[in-house]
Structure formats: C-alpha cells, structure tokens
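Engineer: I'd like to ask you about the structure that follows.
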Amino acid sequence: MATLLKCKMVVLGCNPSFFSTTSQRLSQSFKLVVVGGGAGGCSVAAKFASVLPKNNVAIIEPSDTHYYQPMWTMIGGGMKKLEQSGRPMSQVLPKNAHWIKERASQFFPEENRLVTASGEEIKYEYLVVAMGLQLDYNKIKGLPEAFNTPGVCSNYSPKYVEKTLESLKNFKGGNAIFTFPNTPIKCAGAPQKAMYISEEYLRKHNKRDKANVIFNTSLGVLFGVKKYADALEKVVRERNIAVNFRHELLEVKPDTKEAVFRLLDDPAGNTKTFKYEMLHVTPPMSAPDLLKANKKLTNEAGYLEVDKSTLQHIRFPNIFGIGDCTNLPTSKTAAAIAGQNKIVYDNLKLQMEGKKPSQKYDGYTSCPLVTGYSKCILAEFDYDGQPLETLPINQAKERNTSFFMKKEIMPVLYWKLMLNGWWNGPGVIRKILHLGTGR
Ligand code: FAD
Ligand code: UQ1
C-alpha cells in the first residue's frame, strides 16, 4: 500500500514522459543518469542539463551537503571555517536536472539500469559514474575510537577536520605525526599540506622547540613528480621535519598515545611504535564498495574501468566515468576533474550522435602544495609526470601568489564556474601564456 501511494506521488510530481511505474516497483527512465553529485558528477550533469530538455538528466546523490573538499586543508589550519566549505546540495545541482536523493545500490550495466537503496529502478540510455573515493578509517585498528580522544585528527573528513586546529591549540610538546596510507588517495599532497601548516602554527605559537614534526609515509618519495619532490625535500630540510619513508599506519592506541606502523620494506614485516601528542591521519581509501562488488564495471582493484584517453567505459560504450572513482592513472584531484569534464561531455555527445568518441584527456592534474600560512608550490602535471604549468614561471618555487590563488580564487572558480560546467581547467590559459613553447 505504501509503495502504491509513493508511486502515485511520483506520478503526480514528475513529467510522465520520463518514467513508468508498476504496482510493485517504482521505475523511472532518463536519457542520462549521473551517479554522484560531487565535483565530477555535478559539473558533467550541469553541462548536459544545459543542452538537453528539462529532466532528461537525473542525478543520483544521497547527501544534503556538497563539500568543497580542498578547503578542508585551510580549515585544519584555522584559515577558513567548516561552514564555508559546504553548500546545500539542492543549490549546487543543476536546476534543469532531476535529483534522485538516494544512494545507488546495484548496477545492471547489460540492462541499462540500476537500482537505488529504496529499491527503485532507474533506467538510462547513458550513464556517467562519478562516485568518488571511499574513506576506510575503520581499516586502522583503534582509530575510530581514537578520534574521540585528544590529539587525533584528520583533514579528510568534515567530522574530524576541526580537531586539527584544536590539537594544535592544545599541543604541549612531543611528537606531531602526519601519516600517508598505503593506497591511492585523493589529493596526494594534502597530508603534507596539513603538516606544513601545522609546523608553521607551532612556530608562530612558540611551541616548535617542544615538537618533533614527523612525516610517516607509506610511499618511498615525497611526491611523484621529481621537480616538486625536490622542492619539497628542501622545505622539509629547512624546517627540520623528520621523514620516514615506507611507514604504514596500522594501529592507534589512544590509552597510551601510541601509533603502530608497519615497516613496508622490512622483509620480516616488523612494526615500529611511535608515541604521539598529535596524530594527523590520512586514511586508506578505495573505490566505493558498490563498484568493487560489480566486476563487470571495474578493474581488479575495484575502480571503474575507463579508457584513459576518452573516459569511455572499456566494455559498455554508453557508460563514462569521471574523477576519483575511476582507474585513470593520474593524481585524483578536483583540478584533474576540471580537465576531464569537457572530454566526457564531448565524447558522450559524440556517442549519443552515433559517432566515435575522439577527444583525448592528457592526464592533466594539479596539486597546490600549501607550505604554510602564506606560501604554496603549484604542482601541475600530466600522465607522464611531466610538469604542465599554467604560468610561464617556475611554479615549484614557494610563492605568495600561488597561495592566494589556492585560498581565495579556487573556491570562487569551483562554486561559480566549475559546478556550473563552465570551467574546463587552465589548458586554454596555458596555451596562450606559452605560445611558441609547445607546452
Ligand atoms: P566527490 O567530490 O567525492 O563526490 C562523490 C559523490 O558521490 C559524493 O557526493 C557522494 O555522496 C556520491 N556517492 C558516493 N556513493 C554513492 C552512491 N552509491 N550513490 C550515489 N551517490 C554516491 N583537489 C584539488 O584539485 N585541489 C586541492 O587542493 C585539493 N585538496 C584536497 C584536500 C583534501 C583534504 C581533500 C579531502 C581533497 C582535496 N582535493 C583537492 C581532491 C578533490 O576534493 C577530489 O578529488 C574531488 O572532490 C573528487 O571529485 P569526485 O566527483 O570524483 O568525488
Ligand atoms: C583547478 O582547476 C581546480 O579545480 C577547480 C582546483 O581545485 C580546487 C585546483 O586546486 C587547481 C590548482 C586548479 C588548476 C587551476 C589553475 C588556474 C592552475
């Protein structure tokens, strides 16, 4: 009875040409369905909603709030407030699209349909998957409980980001440890950004001489691109920061304020325990469980398997992917998505017209490596790890202008241009500024 009532309400509330119902199960159909209303989903949906008739595009997204995640780095350092990083989802999703405020719970790609958590069936002609990454805090023993104790924080979640500043304020002396997990993560520079800001905070508040600032990273390098890794090595040397490569956080013991790390290069698999006064955790991350459960859509690791140039699914030509949930071998950032969204738009449009997708993504990504309260190294590079810098200056140098751009310009660019589908990355600006240089 309840289902029947709900059916009726939906029938009255929507344009009937886009769905059909049965007495047993709700069913709607759309030309294009976008799963996820984050940076990638929202920007691609906006592009299509502006050219297709009203309600031809549906977005499946369960959250009430859309977060501008890059701001969390600044919030951890007290430079912005948490409220500034979130906006109501209803305000950012394109008005011309139909918002299904639900979680997708099963994909049936051979049948061009999916099912939502409430059991509703959604049919599509074309699908864009933009579900982001899953944070696996619970994979670290003791961590969920440790977040309820002083000194344990994480800029990667709106739940824990404000604890970073609190931990700095309450810091008395001892080890301030910053971790990097043994998985791909979003914005691979963000764990270091948290550390550089914290280090400067401790200096400014006369606590630096009582602190050992330590970066325990699962990686074997500071950054994947040599030009920026070299610049960051100089920063850690000058600031007296200890870097321990190939250290993976396994367990947190809040009672004794200890963090246990696996020594990844130790053939015996030994661990090493560090005392902490402050522990900033970057959690392990993975593809959303829903994707991992559907082997037809994903690669071995569970990421949506798309062609790295066209962003079209390698087995289902009516499916495209964008952003962090894909297997694209580039650094997972909003900046990368800015470089991807026009490729998805152009290629999916060609596919809709019965033509072959021909636009090619070069792997462009960018990471503004904030090194404190006023400076930033602006890394930009492509699939080959080759710098692809917008400005005709050396962006590996710490600069106030790069910091201003990250703190003040990027949020405006994101809310006003990118989410409306109007920002396709700085490629055009770069080409103009580098006329004649070939990059
Ligand atoms: P998201 O924006 O995470 O969106 C995924 C959406 O999918 C979410 O809204 C989620 O609710 C939805 N979803 C998930 N599962 C389902 C489901 N089953 N059904 C329906 N919807 C679902 N990038 C930069 O470019 N520059 C930076 O300086 C930068 N700094 C960062 C600092 C931090 C601390 C963090 C956390 C990230 C940073 N990033 C930065 C990275 C950037 O925020 C992400 O790469 C970007 O948000 C990814 O966009 P996305 O659309 O792939 O995923
Ligand atoms: C970018 O395009 C972008 O997306 C809006 C970001 O995310 C917030 C970024 O951090 C950066 C650096 C870029 C790249 C843009 C320029 C102008 C270098």
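The values are calculated or read from the model by the stated rules, or taken from the named source; none is laboratory data. Every value quoted in this text rests on a predicted model; they were computed, and no experiment measured them. Counting neighbours? That spans all protein chains shown, and the Cβs are built from the backbone with ideal geometry, glycine included. All accessible areas refer to the heavy atoms of the entire protein, side chains included, with ligands and DNA or RNA removed. Shrake-Rupley method; radii C 1.70, N 1.55, O 1.52, S 1.80 Å.
Engineer: Do the alpha carbons of any pairs in K54/K356; K123/K193; K227/K355 sit beyond 32 Å of each other, and which pairs? Display every interim value, and only then the final one.
Structural biologist: Values: K54/K356 26 Å; K123/K193 42 Å; K227/K355 40 Å.
Where the Cα-Cα span goes over 32 Å, the pairs concerned are K123/K193; K227/K355.
Engineer: Once fully extended, how much extra length lies between Y383 and Q84, figured as 0.36 nm per residue of separation less the alpha-carbon to alpha-carbon distance?
Structural biologist: Numbers: separation 299, 0.36 × 299 = 107.64 nm, distance 3.24 nm.
Contour length minus the Cα-Cα distance gives 104.4 nm.
Engineer: Let me ask something else about it. Cβ neighbours within 10 Å, averaged per peptide: list 365-371, 211-217 in order, most packed at the top.
Structural biologist: Values: 365-371: 26.9, 211-217: 21.3.
Averaged packing, sorted descending, gives the order 365-371, 211-217.
Engineer: With a 1.4 Å probe and all protein chains left in place, how much accessible area per residue does the range 301-345 have, in Å²? Walk me through the numbers before you get to the answer.
Structural biologist: Numbers: 1190 Å² over 45 residues.
Value returned for the range 301-345: 26 Å² of accessible area per residue.
Engineer: Here is a further query. Just check the range 169-253 against the gyration tensor rule for me: Cα atoms, a ≥ b ≥ c as the square roots of the eigenvalues, rounded for a/c under 1.5, and otherwise prolate or oblate depending on whether a/b exceeds b/c.
Structural biologist: oblate
Engineer: Is the C-alpha gyration tensor of the range 365-433 telling us rounded, prolate or oblate? Criteria: a/c under 1.5 is rounded; beyond that, a/b larger than b/c is prolate, otherwise oblate. Walk me through the intermediate numbers first.
Structural biologist: Details: a/c = 1.80, a/b = 1.10, b/c = 1.64.
Oblate.
Engineer: Could you give P(r) for the chain, binned at 10 Å from zero, as whole percent values over all Cα-Cα pairs?
Structural biologist: For the chain, the pair-distance distribution reads 4, 21, 29, 24, 15, 6, 1, 0.
Engineer: Here's a follow-up. Which percent of the accessible heavy-atom area of the range 365-433 goes to carbon and sulfur, probe 1.4 angstrom? Don't jump to the answer; show the numbers that get you there.
Structural biologist: Working: 1960 of 3070 Å².
Percent of accessible area from carbon and sulfur atoms in the range 365-433: 64.
Engineer: Can you tell me how much longer the chain between L350 and R315 gets when fully stretched, taken as 0.36 nm per residue apart minus their C-alpha distance, in nm with one decimal?
Structural biologist: Values: separation 35, 0.36 × 35 = 12.60 nm, distance 1.72 nm.
Result for the pair: 10.9 nm of gain on full extension.
Engineer: Taking the Cβ of L350 as the center, what net charge do the other residues with Cβ under 13 Å away carry, scoring Lys and Arg +1 and Asp and Glu -1?
Structural biologist: Working: positive: K342, K349, K355, K356, K360; negative: D346, E353.
Computed value for this residue: +3.
Engineer: Compute the relative contact order of the chain as a whole-number percentage, counting only Cα pairs closer than 8 Å that sit 6 or more residues apart in sequence. The partial results should precede the final answer.
Structural biologist: On the way: 947 pairs, mean separation 68.7, N = 439.
Answer for the chain is 16 percent.
Engineer: With the Cα gyration tensor of the range 307-398 giving a ≥ b ≥ c as the square roots of its eigenvalues, does the rule (a/c under 1.5 for rounded; else a/b larger than b/c for prolate; else oblate) give rounded, prolate or oblate? Walk me through the numbers before you get to the answer.
Structural biologist: Details: a/c = 3.02, a/b = 2.52, b/c = 1.20.
In terms of gyration-tensor shape, prolate.
Engineer: Which value in nm describes the separation of the simple spin-label points at I393 and V51, placed 7 Å from the Cα toward the beta carbon?
Structural biologist: 3.7 nm
Engineer: Right, another one. Looking only at the range 72-100, which residues have a backbone nitrogen under 20 Å from a spot 7 Å from the Cα of R203 in the C-beta direction?
Structural biologist: In the range 72-100, the label zone of R203 (backbone N under 20 Å from the point 7 Å along Cα→Cβ) covers 73-80.
Engineer: Using alpha carbons only, what's the Rg to Rh ratio of the range 63-171 with Rh from Kirkwood?
Structural biologist: That ratio is 1.08, to two decimals.
Engineer: Before rounding to the nearest 500, sum -39500 (n - 2.57) across all DSSP H runs of length at least 4 in the chain and divide by the residue total; then give [θ] at 222 nm in deg cm²/dmol. Can you show the working numbers first?
Structural biologist: On the way: 12 runs with 108 residues, N = 439.
After summing the helix terms and dividing by residue count, I get -7000 deg cm²/dmol.
Engineer: Roughly to the nearest percent, how much of the accessible area of the range 137-281 is carbon and sulfur, given a 1.4 Å probe? Could you put the intermediate results ahead of the total?
Structural biologist: Working: 3170 of 6410 Å².
Result for the range 137-281: 49 percent of the exposed heavy-atom area is carbon or sulfur.
Engineer: If R₀ is 25 angstrom, what is the calculated FRET efficiency for the pair R246 and E300, using the beta carbon separation as r and rounding to 0.05? Before the final figure, lay out the partial values.
Structural biologist: Numbers: r = 23 Å, r/R0 = 0.92.
Given R0 = 25 Å and the Cβ-Cβ separation, E is 0.60.
Engineer: Okay, moving on. Restricting the calculation to Cα positions, tell me the Rg (one decimal) and the Dmax (whole number) of the range 228-328 in Å.
Structural biologist: Computed over the Cα atoms of the range 228-328, radius of gyration and Dmax are 19.4, 54 Å.
Engineer: With a cut-off of at most 14 other beta carbons within 10 Å, and DSSP calling the residue loop, which trypsin sites (Lys or Arg not before Pro) in the range 356-427 qualify? Please list them. If you can, show how the numbers build up before the last one.
Structural biologist: On the way: sites: K360, K375, K397, R399, K406, K407, K416; in loops: K360, K375, K397.
Hits after loop and neighbour filter: K360, K397.
Engineer: Which number do you get for Rg(Cα) / (2.2 N^0.38 Å) in the range 137-281?
Structural biologist: Numbers: Rg = 14.4 Å, N = 145, 2.2 N^0.38 = 14.6 Å.
That works out to 0.98 for the range 137-281.
Engineer: Something else now. In this model, which of K139/K295; K80/K257; K163/K275 are farther than 24 Å apart at the alpha-carbon?
Structural biologist: Details: K139/K295 22 Å; K80/K257 29 Å; K163/K275 19 Å.
Beyond 24 Å between Cα atoms: K80/K257.
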